[in-house]
């Protein structure tokens, strides 16, 4: 499957990926509205760690044997056998945070949506409205620090 | 002491579009922007803005633009605001004014006064999409006559060393030190992919660029930094730099803070010391001395590589070019006064030298008059802005052109003229690791390759329109040019007729 890879050497810590992710996962898909007006304000599923000297955009690896799926007690976290995509179904999620504690990369967050805690993670922009073949964070990166490459398995 | 300087630019932020995301703050190495969470807005220190437009480009909502500082002058065309500010700066610091990039003065740009020809009815135009169109150029000395064995179809004359360019464009000398290694690597990668050459400048040849050695021209300048037998033999050609268009008559000065471990190793000088290139080569005080250096370099490389001599376009450029050709140069590079630089005294940059168009025309004319034009190659440099400029340069007599500013602009440079601060936000003219990494050489090389490929297509289109199918047939073909809005004297020097003639 195609995965997003973060190249630490080229990451500038500008966080344009985070903003693109927020816009992509907002109700309006309008950066200005998404960042200044929408409530709840959208959450970025990619997190830039580090400072302007050393940084990395940490993102879900869509693992071959995902621990988050293994640990999920409600069946919300699933790996699609055909595409390899790991997603969390908000309808099934009970917000137990097992996935958060199991993920070796720290790529699952639990946020409060309409008074209910649910797990949020990268979906490779597979919701409709995405740019086919290029997730929003990859498209927004100015320096090739996020790449979307075919990988083994 | 109160600083009388006022800001040059004003950061214009559209409050309706600003999301306070902080990209501008994180991307500005001059610390102009600051997200003030308490006040719920982003503030700007206008004084620090150099108009590099990094934030303008990076802002996810295009909320930013850089405007002129609204302060007006007093209406005098003599004591302009810029003039007052220069005096204020020197009254404050007591120093020489430093500037970067090429001459920005509003002198005539002759390229814009030269119109191109196209065929109609007779000698029909050629469609480059359907018919072959040759843009290959060979640079180097040429024998006076060519002996051919017609029965065997072989050339009997021993040909001097030449380099082959698939496109009539090379990347001019920019040293590692003046630009970042990533910028140089991007140009090296682009040169290899395009089948042309990049120039190391006077900064040595970094070991990581070995894979691109076949596409490298190494420079020998007055400071002789990084020069060794390996250095000379590793590249495809050697260039002796006598002068630079942006600052003719003066040397170079790379401040010690830019000489980090890598620059120090590549230049073969101690870390942290200023790298000072003297104004003249201290072993060249005559054409005969130049000849000695040319032949020393040829000896050192066993006559396998062409040697170029780069001179700045100055008043008697034609005589100097002629002397250089007679001294044994295989390629003569003429650099006009709009050519860029990482740092030059402002008064030199703005007042010394002449335009490349006039220099090129007079050099070509002089070499032809003396019957030696065909024995050397001529390269024009100093602000080639588009493919049309290349076509004009070749029609005026150049074999090929050097571009540097345009290549840097492809890499992100916005000509803010603040190279000498070492804080280039685009990762080009800086050695700070956190800024250097902003320029991913792979991304940069792709952009430069795209630019030159696009230009080459355009050159083919323009040549096709003229009914010319090889760039060799365009060289010195001044009938393909017509002047517009030029005086008789200018037309005479350029060797072109006026439009309508």
- Query: Roughly how crowded by other chains is peptide A:24-34, in terms of the mean Cβ count from those chains within 10 Å of each of its Cβ atoms?
  - Reply: 2
- Message: Please list log₁₀ I(q)/I(0) at q = 0.09, 0.12, 0.22 Å⁻¹ for the range A:38-153, using the Debye equation with identical point scatterers on the alpha-carbon positions.
- Response: -0.25, -0.46, -1.43
- Extent along principal axes [Cα atoms of the range B:177-236; Å; largest to smallest]: 30, 23, 17
- Query: Would you list A:152, B:82, B:490 from fewest to most Cβ contacts within 10 Å?
  - Reply: A:152, B:82, B:490
- Item | Gaussian network model of chain A, Cα within-10 Å springs - most flexible of A:36, A:28, A:98 | A:36
- Shape metrics for the range B:359-501, restricted to C-alpha atoms - Rg then Dmax, Å: 18.5, 57
- Query: Relative to the longest principal axis of chain B, what angle (0 to 90°, nearest 10) does the C-alpha long axis of helix B:181-194 take?
  - Reply: 40 degrees
- Message: What do you get for the angle between helix B:317-326 and the principal long axis of chain B? Use alpha-carbon atoms, 0 to 90 degrees, nearest ten.
- Response: 50 degrees
- Task: In nm, give the distance between the simple-model label positions of residue B:497 and residue A:5, each being 7 Å from the Cα along the Cα-to-Cβ direction.
- Result: 6.1 nm
- What share of all Cα pairs of chain B, in percent, falls into each consecutive 20 Å distance bin? 22, 54, 22, 2, 0
- Where does the Debye-calculated log10 I(q)/I(0) of the range A:62-121 sit at q = 0.16, 0.18, 0.23, 0.29 Å⁻¹, using only Cα point scatterers of equal weight, no solvent? -0.42, -0.53, -0.86, -1.30
- DSSP beta bridges in chain B, what fraction antiparallel, as a percent rounded to 5? 45 percent
- Message: Taking the 0 to 90 degree range and rounding to the nearest ten, how far is the long axis of helix B:287-300 tilted relative to the main principal axis of chain B, both from C-alpha atoms?
- Response: 80 degrees
- Item | Calculated P(r) of the protein assembly as shown - Cα pairs past 49 Å, % | 24 percent
- Extended-chain gain in nm, criterion 0.36 nm per residue less alpha-carbon gap, residue B:122 and residue B:473: 124.6 nm
- Yeah, the range B:9-95 with a ≥ b ≥ c from its alpha-carbon gyration tensor (a/c under 1.5 is rounded, else prolate when a/b outruns b/c, oblate otherwise) is prolate
- Net lengthening on full extension, residue B:15/residue B:3 (0.36 nm per residue, minus Cα-Cα): 1.3 nm
- Note on the structure: Placing one equal point scatterer on each C-alpha of the range B:377-460 and summing with Debye, one gets log10 I(q)/I(0) at q = 0.20, 0.21, 0.22, 0.26 Å⁻¹ equal to -0.92, -0.97, -1.01, -1.20
- Message: Test of understanding: ordering B:402, B:303 by Cβ neighbours within 10 Å, fewest first, what list do you get?
- Response: B:303, B:402
- Item | Normalised contact order of the range B:137-469, rounded percent, pairs of Cα under 8 Å and 6 or more residues apart | 20 percent
- Message: Between residue A:126 and residue B:265, what is the label-point separation in nm under the 7 Å Cα-to-beta-carbon projection?
- Response: 4.6 nm
- Message: Within 10 Å of each Cβ in A:14-23, how many Cβ atoms from other chains are there, averaged over the peptide?
- Response: 4
- Fewest first, what order do B:112, B:16 take by the number of other Cβ atoms within 10 Å? B:16, B:112
- Note on the structure: In deg cm²/dmol, rounded to the nearest 500, the helical mean residue ellipticity at 222 nm of the protein assembly as shown, built from -39500 (n - 2.57) for every DSSP H run of length 4 or more, is -7500 deg cm²/dmol
- Message: Suppose a student asked you for the relative contact order of chain A, using Cα pairs under 8 Å spaced at least 6 residues apart; what percent would you report?
- Response: 31 percent
- Query: How much length is gained on full extension from residue B:292 to residue B:82, taking 0.36 nm per residue of separation minus their Cα-Cα distance?
  - Reply: 71.1 nm
- Message: Run the simple label-point estimate for residue B:45 and residue B:145 please: 7 Å along Cα→C-beta, distance reported in nm.
- Response: 7.3 nm
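Each value in this text was obtained by applying a stated rule to the coordinates, not by laboratory testing. A quick note: this is a predicted structure, and the numbers were derived from the prediction, not measured. Glycine also receives a Cβ, built like all others from the backbone with ideal geometry; neighbour counts cover every protein chain displayed.
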